[in-house]
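Following: one structure in structure tokens, then a few remarks.
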Amino acid sequence: MIAVLSGGTGTPKLLWGMKEVFSKFFVVVNTAEDIWVSGNRISPDIDSVIYALSDIIDTEKWWGMRDDTFITHNMLKDLGFDERMMVGDRDRAVHIIRSEFLRGGDSLLTATKKLKSMFGIKQDVFPMCNEDVSTFVATDRGKMHFQEFWVVNRGEPEVMGIDFRGIDKARMPDEVEKSLKKSKIVLIGPSNPVTSIGPILAVKGYKEILRDKKVVAISPIIGRSPVSGPAGKFMASLGFEVSPRGVADIYGDILDVLVVDERDEDYEIDSVEILKANTLMRDKDSAIKLSEFILDHV
């Protein structure tokens, strides 16, 4: 069994291909970017994983559902209510169901299990914790939630720090702990190492278990630039080199193998095996090939 740690965008792309060649894996997903919008709980990274595994994700944006409509969002806007995030109609239905589960007393883990089953997904999809954790970004315009920084302000403000609010109270769910301890390999997907994977690793217990596992990470950085998202900006703000080496520095002593892009320079990192592959997943075929490469080597 392989455990996959996932955030948004990069790792769902990998899972989109991985599910075609290997079924024995489960996914632990970042929830520190979750937010309540118009009365509903949005778990963007969980939803991206569910939509990728059920083959309905919008592969242009890598969030939301393919061919979704925005009738409700636009009507709210016409009535003078600005959600500040574009929420699709079909996507909103998932948020409503999740929120009803939570209001009915379910934990986020239970709500997620119910949702992924509704989509016919066989693999387990777990939130990193049940407690509320929120990523706040310190900027030259003040502190703001990650979604306000990235969606509303389009990642433009200067970044001066990152804060995972509530992380001290977050705990690894028992079911996740049992599954993680049974796994032979932990694969860290090519998501933002600071705000997608960082919150998972900051929850008490994850790093301790991972130090006893073979941990393979795929760099979301090619050369000196992230494939997508604000990873480079966040890494630089925390003093890390924006490069695969910087990714390795962030993961530190839990990392055993780092997969970098075949176009990258040759790296030598103490105690870390470096593998080269085409990590730029432009379509399902390239995602499948990267998945096959990783499975063949680990």
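The values are calculated or read from the model by the stated rules, or taken from the named source; none is laboratory data. This is a predicted model, so every value here is computed, not measured. When we count neighbours, we look across all protein chains shown, and the Cβ atoms used for this are built from the backbone with ideal geometry, even at glycine. Just so you know, the surface numbers come from the protein's heavy atoms only, side chains and all, with ligands and any DNA or RNA stripped out. Shrake-Rupley method; radii C 1.70, N 1.55, O 1.52, S 1.80 Å.
Yes or no: segment 235-255 includes at least one residue that is more than 24 Å from residue 24 (Cα to Cα), more than 16 Å from the chain's Cα centre (by Cα) and assigned to a strand (DSSP E or B). Within segment 235-255, not a single residue is more than 24 Å from residue 24 (Cα to Cα), more than 16 Å from the chain's Cα centre (by Cα) and assigned to a strand (DSSP E or B). Screening 179, 228 for residues that are under 26 Å from residue 62 (Cα atoms) and open to solvent by 10 Å² or more (accessible area, probe 1.4 Å) leaves exactly one candidate, 228.
Select from segment 122-138 the residues that are of a type outside the set (D, E, K, R) and open to solvent by 10 Å² or more (accessible area, probe 1.4 Å) and write down the one among them that is farthest from residue 169 (Cα to Cα). Top of the filtered list is 123.
When you scan segment 278-297, how many residues do you find that are more than 22 Å from residue 54 (Cα to Cα) and not in a loop (DSSP other than H, G, I, E, B)? The total comes to 3.
Exactly one residue out of 288, 269 is β-branched (Val, Ile, Thr) and modelled with pLDDT of 95 or more, and it is 288.
Determine, yes or no, whether residue 95 is open to solvent by less than 10 Å² (accessible area, probe 1.4 Å), in a helix (DSSP H, G or I), modelled with pLDDT of 95 or more and of a type outside the set (Ser, Thr, Tyr). When the stated conditions are applied, residue 95 passes them.
One residue stands out among those in segment 267-298 that are among the acidic types (Asp, Glu) and either surrounded by fewer than 16 Cβ atoms within 10 Å (Cβ to Cβ) or in contact with a Ser or Thr (Cβ under 7 Å, 6 or more places away or on another chain) (or both): the one that is nearest to residue 229 (Cα to Cα), which is 283. Checking each residue in segment 13-34 for being touching a residue at least 40 places away in the same chain (Cβ under 8 Å) and more than 22 Å from residue 110 (Cβ to Cβ) picks out 13, 14, 16, 17, 18, 19, 20, 21, 22, 23.
One residue stands out in segment 263-276 among those that are in contact with a Leu (Cβ under 9 Å, 6 or more places away or on another chain) and assigned to a loop (DSSP other than H, G, I, E, B): the one that is farthest from residue 251 (Cα to Cα), namely 263. Just so you know, in segment 154-176 the residues that are in a strand (DSSP E or B) and among the hydrophobic types (A, V, I, L, M, F, W, C) include one that is most open to solvent (accessible area, probe 1.4 Å), and it is 160. For segment 41-92, taking the residues that are among the charged types (D, E, K, R), in contact (Cβ under 8 Å) with a residue 12 or more places away in the chain and in a helix (DSSP H, G or I), the one that is nearest to residue 280 (Cα to Cα) is identified as 45.
Within segment 241-266, which residues are closer than 25 Å to residue 212 by Cβ and open to solvent by 10 Å² or more (accessible area, probe 1.4 Å)? Hits for segment 241-266 are 245, 249, 250, 252, 253, 256.
The residue that is surrounded by the most Cβ atoms within 10 Å (Cβ to Cβ), among those in segment 98-121 that are in contact (Cβ under 8 Å) with a residue 40 or more places away in the chain and among the β-branched types (Val, Ile, Thr), is 112.
For segment 65-114, filtering for residues that are within 17 Å of residue 51 (Cβ to Cβ), out of contact with any Phe, Trp or Tyr (no Cβ under 9 Å at 6 or more places or on another chain) and among the charged types (D, E, K, R) leaves 5. Examine segment 195-210 for a residue that is touching a strand residue (DSSP E or B) at 6+ places or on another chain (Cβ under 7 Å), outside any loop (DSSP other than H, G, I, E, B) and of a type in the set (Lys, Arg), and state whether such a residue exists. Yes; the residues of segment 195-210 include at least one that is touching a strand residue (DSSP E or B) at 6+ places or on another chain (Cβ under 7 Å), outside any loop (DSSP other than H, G, I, E, B) and of a type in the set (Lys, Arg). For segment 139-153, the tally of residues that are within 15 Å of residue 229 (Cβ to Cβ) and open to solvent by 70 Å² or more (accessible area, probe 1.4 Å) stands at 1. Among all positions in segment 24-38, there is at least one residue which is of a type in the set (Phe, Trp, Tyr), exposed (fewer than 14 other Cβ atoms within 10 Å of the Cβ) and more than 14 Å from the chain's Cα centre (by Cα).
Residues in segment 67-81 that are open to solvent by 100 Å² or more (accessible area, probe 1.4 Å) and closer than 23 Å to residue 150 by Cβ: 2 in all.
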